[in-house]
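The structure under discussion appears below in the form of structure tokens.
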Amino acid sequence: MTTTDHDHPPGSHSHPPSKSEDHDHSQGIFGENTELAFSLISGALLGIGYALSKFAADAVPSWLVLGCYVAAYGFGGWFAVREAAGKIRKRKFEIDFLMIVAAIGAATLGEWAEGALLLFLFSLGHALEHYAMGRARKAIEALGELVPDTALVRRDGEVREVPVDELAVGDTVVIKPDERIPIDGFVTKGESAVNQAPITGESVPVDKRPVADIEQATSSGGKLSPEHALFAGSINQGGALEMRVTRLSRDTAISRVVKLVSEAETRQSPTQQFTRRVERIFVPSVLVLAILLLFAWVVMDESFSESFYRAMAVLVAASPCALAIATPSAVLSGVARAARGGVLVKGGAPLEALGQLRAIAFDKTGTLTEGNPQLTDIVPVDGVEEEELLATAIPVEKLSDHPLAEAVVRDGTGKLEAESLPDAENLESITGRGIRATLDGETVHIGKDDLFSEVKGPGLPDAIRQTVESLEADGRTTMIVRRGDRYLGVLGLMDTPRESAKRTVRRLRDLGIKRMIMISGDNQKVADSVAREVGIDDAAGDLMPEDKVGFIRKLSAERSVAMVGDGVNDAPAMANATVGIAMGAAGSDVALETADVALMADDLDHLPFAVGLSRKTSRIIKQNLWFSLGMVFLLIPATIFGLKMGIAVLFHEGSTLLVVFNALRLLAYREKPGPVEEAMAERPILPAPK
């Protein structure tokens, strides 16, 4: 039975058909059911021929019975011959070829009924396998079907309906209540709750509101807050919205997910590669064994025809159909289920690797914490007013796009009485340490204490150092401000842990992840404080970006480890982990491209789901491999010692179907504990608007 992927019927703009080496089963006189129809016709002709030979042998000519069997051969072997011919042209001798040889051998012996039965059962199993595997593929294609074909666009003061493919970046699209959002963008007018479950797996609708600055949002490169961002395929609920388009239809998050998941079928896992190697050795070995059995009559007291029949029966029994489909069926089902739950897994290799993890490293900021720090402490040195400290820090931090800088500007501005501040210029980033800029002709340095041992000027005063140590002991991230040669004071910021972080860590431990490590560029005391709060034992602080890479490499050398980050700043570390996992990938092109596994929502609760699903997938792959190998090793000696070809093919095809349907159980996977999972389980998997 073949294991290659078959073409999908062309769909909408959002889900391109997958590539295939073989013919398209959807093409034929019965459409996508042609193979099944041919199989049933073969079975009917076989039944008619057998009935005529048994109950009306004297009343009908022998050529009519033979004609029924020959026709049964034709219909039952049509697709097998086509596939085998294609493989032979590529110098591949696979399972279809063995079946055809066995059927021809049966016909040569005059066992037309046996041969027709073989091809009927083989084609029936083949058709049912394609039907079952099609269920997994349709789960992927259903994602693409979420996007409507048309949209209401406001152009030249008029609202008119246009095809989604014709929308351009910058267009204004109108979305009515209970309609699907047709394209990616951000809210410019109106407020509503949006159901993003089909895209990100979030069980609770997300409240949306307009952006404050349309031009700034347009130039943000897709980095938008969850309350502003809209994704194609999600469902607007309560109120009408207007949105600005930021991506073309072919570039939306859902389009890229469908494309990447479809491509995942072609990315083989280690187990798939192993079974392929076994298959390449096994099939020629079976042919050699069959040839040797042809000469059993030389050493045994039997006729050549009996030896020939036994050899053909062994060909059938030894064909590793179930083995060949065992891993691909599980991988496809696992990847499809993950995508349906808001997790993008790029193929069998990361899916298997995720299930074998023994350690996970988390980036701190934006992963275990909210990534939305608050300015909590303003501590000027003696003789410096709080207003002077803020009036120096805010103009410099305005030039930076770092989350800490944004917090200083946002929270510090509200504490200032001054209506306007001078503009800073010449910003320079000192990687991992801080920043430098010019304000009113003076150089301003803002950063960690390490920064001031590297730059020219007076060393860090003891009073500043004591303030820093005190704030960091309370879990604050500190920023020292120096203007010229004057130290003005220290700013303390705190990024609170995510509400889901502690719950996620506990559930991962229940799944068998015993070692979890938090890595951070913040000082060690802050790292330790956050780690304790979320329940992680190990924390590594004061890490530069290159230090994170080295840390992950060291961990990977000891055990399989995943790195969880935002997919941008943490991309080098994720690339060096066994599995790179990016959060919030729905709004990040970089995350979708760099990560092995992408959590579409900015939500840690999806991580245990992904790990649990991958472990379930690994268990099913092992079950399938043991069962398929066991069936082959049971049937080979049984046929050598006289098991009939028809019974052998019945067990053979039955085992293949059992393996496929065992894999399809993954499509119904649900994680056991947790209120979030219970809420997700209650919602429709692919909700439809009213």
Among the complete DSSP H segments of the chain, which ones combine at least 30 Å of alpha-carbon extent along their axis with a mean Kyte-Doolittle hydropathy of -0.5 or more? 34-55, 62-89, 112-144, 270-294, 606-640
Evaluate the Debye formula for the stretch 309-358 with equal point scatterers sitting on the alpha carbons, no solvent, and hand back log10 of I(q)/I(0) at q = 0.13, 0.28 Å⁻¹, in q order, two decimals. -0.46, -1.03
The long-range amide H neighbours of ASP207, using H built 1.01 Å from N in the peptide plane and a cut-off of under 5 Å, are VAL194
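Given a Förster radius of 51 Å and the C-beta distance between ARG509 and THR108 as r, what FRET efficiency does 1/(1 + (r/R0)^6) yield to the nearest 0.05?
It comes out at approximately 0.20.
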Peptides 382-393, 207-218, 306-317: what's the order by average Cβ count within 10 Å, highest mean first? 306-317, 382-393, 207-218
Roughly what % antiparallel, to the nearest 5, for the DSSP beta bridges in the chain? 75
Starting from the 7 Å offset along Cα-to-Cβ, what nm value, one decimal, do you get for the label separation of ARG559 and VAL169? 4.4
Which order results if TRP112, TRP78, TRP63 are arranged by neighbouring Cβ count within 10 Å, fewest first? TRP63, TRP78, TRP112
Name the residues whose placed amide hydrogens come within less than 5 Å of the amide hydrogen of LYS189, ignoring near sequence neighbours (fewer than 5 apart) on the same chain. GLU242
Going by average Cβ density within 10 Å per residue, which order do the peptides 273-279, 37-43, 466-472 take, highest to lowest? 37-43, 466-472, 273-279
What list of ³J(HN,Hα) couplings, whole Hz, do you get for the stretch 145-153 from phi and the Karplus terms 6.51, -1.76, 1.60, once you set θ to phi - 60° and write x for glycine and proline? 6, 5, 7, x, 7, 10, 9, 8, 10
About its Cα centre, how strong a charge dipole does the stretch 150-251 have in debye, to the nearest 20, once Lys and Arg get +1 and Asp and Glu get -1 at the Cβ? 60
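Output the relative contact order of the stretch 150-251, whole-number percent, from Cα pairs under 8 angstrom with separation of 6+ residues.
40
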Can you give the net charge of the other residues whose Cβ lies under 10 Å from the Cβ of MET312, counting K and R as +1 and D and E as -1? -1
Along the positive direction of the dipole of the chain (beta-carbon charges: Lys, Arg +1; Asp, Glu -1; about the Cα centre), which of THR478, VAL564, GLY432 reaches farthest? VAL564
Lysines with Cα under 24 Å of LYS259, excluding same-chain neighbours fewer than 8 positions away: LYS19, LYS138, LYS223, LYS346
Hey, can you grab everything whose amide H is under 5 Å from the amide H of GLY484? Only 5+ residues off in sequence or another chain; H modelled, so Pro and N-termini drop out. THR443, VAL444, HIS445
Can you list which of the trypsin sites (Lys or Arg not before Pro) found in the stretch 430-497 are DSSP loop residues with at most 14 other C-beta atoms within 10 Å? LYS456
Taking other Cβ within 10 Å of each residue's Cβ, how do MET494, MET518, MET479 sort, fewest first? MET494, MET479, MET518
Please give me the summed charge of the neighbours of ALA72: other residues whose Cβ is under 14 Å from its Cβ, Lys and Arg +1, Asp and Glu -1. -2
Inter-part distance where the stretch 404-473 and the stretch 497-520 are each reduced to a Cα centre, Å: 33
Options GLY457, LEU315, GLY190, ranked by Cα towards positive dipole end of the chain, top entry (Cβ charges): LEU315
What is the chain's relative contact order, in percent, from Cα pairs under 8 angstrom and six or more apart in sequence? 15
What is the sum of charges around PRO572, taking Lys and Arg as +1, Asp and Glu as -1, for the other residues whose C-beta is under 15 Å from the C-beta of PRO572? -4
Label-point separation (nm) for ALA85 and TRP626, each offset 7 Å from Cα along Cα-to-Cβ? 4.3
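Which order do ASP603, ASP440 fall in if you start with the one that has the fewest other Cβ atoms within 10 Å?
On the way: ASP603 21, ASP440 11.
In increasing order of surrounding Cβ atoms, one gets ASP440, ASP603.
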What is the spin-label model distance, in nm, from GLU227 to GLU406 if the labels are put 7 Å beyond Cα along the C-beta direction? 1.3
How much length would be gained if the chain were fully extended between SER470 and LYS176, taking 0.36 nm per residue of separation minus their Cα-Cα distance, in nm to one decimal? 100.5 nm
Taking 0.36 nm per intervening residue step and subtracting the Cα-Cα distance, what contour gain separates MET544 from GLU388 on full extension? 53.1 nm
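Is it possible to state the helix-based mean residue ellipticity at 222 nm for the chain, with each DSSP H run of 4+ residues giving -39500 (n - 2.57), the sum divided by total residues, to the nearest 500 deg cm²/dmol? What is it?
So the helix-based figure for the chain works out to -16000 deg cm²/dmol.
All of the numbers you see were taken from the coordinates with simple rules; none came from a lab. These figures come from a predicted structure and were not determined experimentally. All Cβ positions, glycine included, derive from the backbone under ideal geometry; neighbour counts span all protein chains shown.
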